[in-house]
Each structure stands twice: as C-alpha cells, then as structure tokens.
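All of the numbers you see were taken from the coordinates with simple rules; none came from a lab. This one's a predicted model, so the numbers in the text were calculated from it and none came from an experiment. Counting neighbours? That spans all protein chains shown, and the Cβs are built from the backbone with ideal geometry, glycine included.
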Amino acid sequence: MEYGSLLAFILFFASALVMVGIFLYLYALVTPYDDYELIFQHNNKAASIGFGGSIIGVSIPLYSALVNSVSYFDFLFWGIVAIAIQLIFALVITRFSSKYNLTKSIEEGNLSVGIIMAFLAIAIGLINAGSMSY
C-alpha cells in the first residue's frame with residue numbers, strides 16, 4: 001500500500017472540506033439574511049435551496065482545482081480563488097439587485113427565488129471551474 005498517496009489524499013480531502021466549511025461561514029456573512037436561522041429555525045425552503053445550490057456551486061470549482069492542480073499549494077490558491085468568486089457572486093446578487101428584492105423574497109420563502117438562486121450559484125460554479133481548466 002502506498003502510504004504517501006493515502007496521506008496526500010487525506011491532506012487534499014481534509015483541506016477541501018475545511019475550504020467548504022470556511023465558505024459556508026463566509027457565505028452566511030455575505031448574504032443580508034441569516035441563512036442558518038431561516039433554514040434551521042424557520043424551515044425556509046427557499047433559503048435551503050439557495051444555500052444548497054451555493055454549496056454545489058463552490059464544490060464544482062473546488063473539484064476542478066483538485067483535479068487540475070499541480071501541487072498542494074496550487075490547489076490551495078485556486079481553491080481560495082473559487083471561494084472568492086462564489087462569494088463575490090453571492091454578494092452582488094443579494095445586495096445589488098435593485099429591481100427585485102431577493103432578500104425579501106428569500107425571507108418570505110419564495111421557492112422560485114430560492115431555485116433560481118441555486119441554479120445561478122451552480123452556473124457560476126461551472127463557469128468558475130471551467131475557467132480553471134488550464
């Protein structure tokens with residue numbers, strides 16, 4: 001058995017999980033509503049769907065960074081870039097949508113808005129990942 005490969009797997013896997021955890025924390029700070037309260041205390045399905053989409057959206061480019069990186073530090077760099085892009089997207093879409101009040105719609109549990117938020121986060125994640133495929 002190759003212990004070096006196993007240790008590398010554990011290092012990359014654990015680092016990716018930590019990065020997802022950091023993203024979840026920062027995403028909750030970036031959005032103007034309290035995702036965790038809406039999901040866990042108010043059973044808000046729109047917030048849950050949007051939040052779930054953001055998790056998938058950040059996981060896709062993290063996967064791309066894992067697959068395409070030439071070293072551990074290369075992975076860390078591109079993982080941080082992936083997280084930053086997803087957070088910037090969340091910030092822009094939730095804070096600067098003047099025509100439609102996404103915050104109010106999510107807080108009210110509008111499933112249509114939660115679904116479109118999820119799909120947008122996944123789409124940005126795919127574009128993000130594709131841009132890393134060097």
Using θ = phi - 60° and the Karplus curve 6.51 cos²θ - 1.76 cosθ + 1.60, what whole-Hz ³J(HN,Hα) does each residue of segment 69-83 get, with Gly and Pro shown as x?
6, 9, 7, 5, 5, 5, 4, 4, 4, 6, x, 5, 4, 4, 5
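Compute the FRET efficiency between S131 and I56 as 1/(1 + (r/R0)^6), taking r as their Cβ-Cβ distance and R0 = 22 Å, and round to the nearest 0.05.
0.80
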How big is segment 32-79 along each principal axis, measuring the range of its Cα positions in Å and listing the largest first?
44, 15, 14
Distance histogram in 10 Å bins (all Cα pairs of the chain, percent per bin):
13, 41, 28, 14, 4, 1
Between D34 and L111, 0.36 nm times their residue separation minus their Cα-Cα distance comes to what?
26.1 nm
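Quick one: putting +1 on the C-beta of Lys and Arg, -1 on the C-beta of Asp and Glu, what dipole do you get for the chain around its Cα centre, in Debye to the nearest 20?
The dipole of the chain has a size of about 300 debye.
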Top positive-direction residue, dipole computed over the chain with Cβ charges, set G130, H42, I93:
I93
Report the label-to-label distance for F119 and T103 in nanometres (one decimal), using points 7 Å from each Cα along the Cα→Cβ vector.
2.5
Segment L6-I80, length gained on full extension (0.36 nm per residue, minus Cα span)
24.3 nm
So what are the ³J(HN,Hα) numbers for segment 14-29, from phi and the Karplus equation (6.51, -1.76, 1.60; θ = phi - 60°), rounded to whole Hz, Gly and Pro as x?
5, 5, 5, 5, 4, 5, 5, x, 4, 4, 4, 5, 5, 4, 5, 6
Amide H contacts under 5 Å for N44, placed H, 5+ residues apart
I39
